1. Would you mind finding the one in Leu55, Leu70, Leu20, Leu30 that is crowded, with 16+ Cβ neighbours inside 10 Å, outside any helix (DSSP H, G or I) and of a type in the set (A, V, I, L, M)?
2. Would you check which residues across segment 156-198 are within 16 Å of the ligand (Cβ to nearest atom), surrounded by 17 or more Cβ atoms within 10 Å (Cβ to Cβ) and among the polar types (S, T, N, Q) and list them?
3. Looking at (1) within 16 Å of the ligand (Cβ to nearest atom); (2) without any contact (Cβ under 8 Å) to a residue 40 or more places away in the chain; (3) under 28 Å from the mean Cα position of the chain (by Cα), can you tell me which one Gln253 breaks?
4. Condition first: within 15 Å of the ligand (Cβ to nearest atom), at pLDDT below 95 and either among the aliphatic types (A, V, I, L, M) or closer than 26 Å to Tyr146 by Cβ (or both). Now tell me which residues in segment 199-214 satisfy that.
5. Restricting attention to segment 357-370, which residues are modelled with pLDDT of 95 or more, more than 28 Å from Asn416 (Cβ to Cβ) and either among the charged types (D, E, K, R) or within 16 Å of the ligand (Cβ to nearest atom) (or both)?
6. Answer yes or no as to whether Ser541 is out of contact with any strand residue (DSSP E or B) (no Cβ under 7 Å at 6 or more places or on another chain), small (Gly, Ala, Ser) and more than 15 Å from the ligand (Cβ to nearest atom).
7. Can you pull out every residue in segment 263-278 that is away from the ligand (no atom under 15 Å from the Cβ) and either modelled with pLDDT of 95 or more or crowded, with 23+ Cβ neighbours inside 10 Å (or both)?
Amino acid sequence: MSELPYTSNYPNTLPIWSQLQEHQAKVKQLHLREEFSKDPQRAERFFQKAAGIYLDYSKNLITDETIKLLTQLANDAGLPAAIKAMFNGEKINNSEERPALHVALRNQAAVPYKVDGTDVMPEVKAALNQMERFVWSIHSAQWRGYTNKRFTDIVHLGIGGSYLGPKVVSAALKPYWKAGLNLHYVANIDGTHITEELKHLSPESTLFIIASKSFGTQETIMNAKSAKAWFLRNGGLEEDVHKHFVAITANKQKAYNFGIREENIFPMWDWVGGRYSLWSTIGLPIALTIGIENFKNLLAGAYDMDEHFRTAPLDHNIPVILGLLGVWYSNFFNADSHAILPYDHYLRALPAHIQQLDMESNGKSVTHKGEAVDWSTGPIIWGGAGANGQHAYHQLLHQGTHFLPADFIMPLRTHNHIGDHHALLLSNCLSQSQALMQGKTLEEAKAELKAQGKTDSQIDELAPHKVIPGNRPSNTILFEKSTPRTIGALIAMYEHKVFVQGVIWNINSFDQWGVELGKELGEHIYQIITGENETNGQDSSTKHLIELFKKINNR
Ligand code: F6P
């Protein structure tokens, strides 16, 4: 396994780590409300704009000194060299001996990206051209179903990175959808998912995309088989399968064996991780719904962010700042989680994508060398759409006992001008971060109750319930409008944030061995259920539960 020359073995043994610990002891005495009132320039000083993204990070528990120290941590942990290594196509995914070269997929410059000495850009461009031809043939109805009907429905079958990124981005860009084409996603192996999606579809006008880098993932292959069976049961013939099924995979042979014609197999590459793959052919359902030009704009937006990440100084670099703030809270304030709070209906599923991106990447507990870490790594990512969340979990954000940093995300302009909804939405978004930051003091709570005409004893009883501690950190991430370009930049921003943190923590953000174990054990249990394998070796709980399932299902 290759060594990564830039990594700091144990970040918590770096001298800067103890300096940050000492600094934290001072910062935790401060209150953001006072920091804002004594420094009118605070919002300007902790603000960056790049690639169409505005980041206000002034409502964080930081001073100028914090940023200086965190930037030094990034330098001492080898971040500048790591960024170069990623863009140079070095095998930074060292446990799988692969580069993580998703940036090549959105490269807009005439520069090569090399894997093992070979420029991958010609293949990347050829795949994009293949997508373009395909999208055109569907939109122009040159390619039709087996009864010559034009396609009305696309069903994308995939899971994990081969599903969630495209699903979230196509939903985020709904205003750009071409008329006449509906898009459905089926991921879960739960047969209910595919049953419900296919219920109202006609095989004559439905096209399936089987998206699986390996073409071996149990969920996707099972769903693909069920889709094919549905197609054959409802009028399609075996010789029509190629007209209704296309595949995206790095395993051409398996797709071919399934009945897909070679020219309808879109390539994928080992050097693209699943959760970083929406920019590749895996993004085909996005391109089908928003059109190839808009898909290219999505890539261009991601490229804008890549260039910013690659070239901006660390302390002016949005993904670096976000990554370092996350480290600040995880490792110095013991924060366990981070909330993603989009104030945009189109972005309501974004927390799920960022959750997969971050938790599958940085949910690790050994270093690049395989040694156990004794510092916290990736936090729990959770969240949901505002303003809905304000009437649910925000209560805990304001008054709970957990320390929960959050990102508020919102487009400044809306696609849907109706009444004053958007101004009200923004007011909600800003008031939440303001409330988290300033809170409400006991004196304020008492004054409020007095103004309501409460008696002194009522005030004494009620006031403690109304105190909000404040001093709870958040970022506000804004952009002009949800367009392909800004959404591309936004998602690339989070990808790089995750990478920054992986580098500081000296973990491999690009493998997922924990997930692999679940897959292996799942296969084994299935074999026990089907009688192909013995229950021997199973723990008593699992054995007992398998028996219960078999009994209830008469198997
Ligand atoms: O979730 C684990 C994983 O291996 C992801 O990395 C990947 O995106 C997903 O499964 C699906 O894999 P495939 O594209 O090979 O079907």
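1. Among Leu55, Leu70, Leu20, Leu30, only Leu55 is crowded, with 16+ Cβ neighbours inside 10 Å, outside any helix (DSSP H, G or I) and of a type in the set (A, V, I, L, M).
2. Correct list: Ser162 only.
3. All conditions are met except number (3).
4. None - no residue of segment 199-214 is within 15 Å of the ligand (Cβ to nearest atom), at pLDDT below 95 and either among the aliphatic types (A, V, I, L, M) or closer than 26 Å to Tyr146 by Cβ (or both), so the list stays empty.
5. Asp358, Met359, Glu360, Ser361, Asn362, Gly363, Lys364
6. Here the answer is yes, as Ser541 does meet what is asked.
7. Correct list: Asn264 only.
The rows are residues; the columns are (1) within 13 Å of the chain's Cα centre (by Cα); (2) within 19 Å of Asn506 (Cβ to Cβ); (3) surrounded by fewer than 18 Cβ atoms within 10 Å (Cβ to Cβ); (4) without any contact (Cβ under 8 Å) to a residue 24 or more places away in the chain.
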residue: Ser337; (1), (2), (3), (4): no, no, yes, no
residue: Pro342; (1), (2), (3), (4): yes, no, no, no
residue: Val373; (1), (2), (3), (4): no, yes, yes, no
residue: Ala392; (1), (2), (3), (4): no, no, yes, yes
residue: Leu396; (1), (2), (3), (4): no, no, yes, yes
residue: Gly400; (1), (2), (3), (4): no, no, yes, yes
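The values are calculated or read from the model by the stated rules, or taken from the named source; none is laboratory data. Keep in mind that this is a model prediction, so the values were computed, not measured. Every residue, glycine as well, gets a Cβ built from its backbone with ideal geometry; the counts of neighbours run over all protein chains shown.
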